[in-house]
Amino acid sequence: TREAETAEEVLQDTFYRLHANAGSLDGSQPLLPWLYRVAANLSYNCARRRRLWTEPFHALAERLFAPARRSPEQIAEQHELQAILRAVLDDLPPNHRAVLVLHYLEDYSIPEIAAILDCPEGTVKSRLYHARKLVKDQLQLRYGGGAIQPDQL
């Protein structure tokens with residue numbers, strides 16, 4: 001699909017930039033945040049060119065809930081909650097989705113996210129606040145205030 005090709009191009013460009021900048025990376029800073037920042041910037045550029053964020057959130061949303069032995073009803077409810085949350089997260093702007101993914105799914109701290117996204121920590125905090133508010137508002141709008149409890153997310 002076109003999305004897979006685009007993701008592969010971003011990945012290739014990220015590692016090309018790593019190769020091209022190998023001489024300027026001195027090893028005093030961890031490499032992974034630099035790679036995330038490059039990949040995020042390339043993804044943003046690609047999304048701007050396409051005018052929409054098409055990468056599905058499905059793979060990341062699956063990790064929201066750890067698999068455990070549960071009853072069929074609990075499993076069905078879990079899948080329904082994941083689908084609801086996936087739909088809401090797919091509609092978020094890329095910068096809000098990025099901070100949520102990095103903070104809640106990848107478990108990065110605010111300073112690490114700021115380094116990855118190459119923005120001030122205050123910007124990361126602001127984006128997290130607004131992203132959580134957008135998610136909450138969309139969940140309430142689409143599914144009613146009492147449909148999903150915060151401890152279920």
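Estimated at the nearest 10 Å², the accessible area of Asp26 is 120 Å² with a 1.4 Å probe.
Using a probe of 1.4 Å on the protein chains alone, the accessible area found for His130 is around 80 Å². Scalar couplings 3J(HN,Hα) for segment 30-38, obtained by applying the Karplus form with A = 6.51, B = -1.76, C = 1.60 to θ = phi - 60°, are x, 7, 4, x, 4, 4, 4, 4, 4 Hz; x denotes Gly and Pro. Rounded to the nearest Hz, the phi-derived 3J(HN,Hα) couplings of segment 99-116 under the Karplus curve 6.51 cos²θ - 1.76 cosθ + 1.60 (θ = phi - 60°) are 5, 5, 5, 5, 7, 8, 9, 9, 6, 8, 7, 4, x, 5, 5, 4, 5, 5, where x marks glycine and proline.
Among Arg86, Arg97, what's the order by accessible area (1.4 angstrom probe), most exposed first? Intermediate values should be presented prior to the final figure.
Numbers: Arg86 35, Arg97 15 Å².
Heavy-atom accessible area, descending, gives Arg86, Arg97.
Applied to segment 77-90, the Karplus parametrisation 6.51 cos²θ - 1.76 cosθ + 1.60 on θ = phi - 60° returns per-residue 3J(HN,Hα) values of 5, 4, 5, 5, 4, 4, 5, 4, 5, 4, 4, 5, 5, 4 Hz, with x for Gly and Pro.
The values are calculated or read from the model by the stated rules, or taken from the named source; none is laboratory data. Keep in mind that what you see is a predicted model, and the values were worked out from it rather than measured. Ligands, DNA and RNA are excluded from the accessible area calculation, which covers all protein heavy atoms including side chains. Shrake-Rupley method; radii C 1.70, N 1.55, O 1.52, S 1.80 Å.
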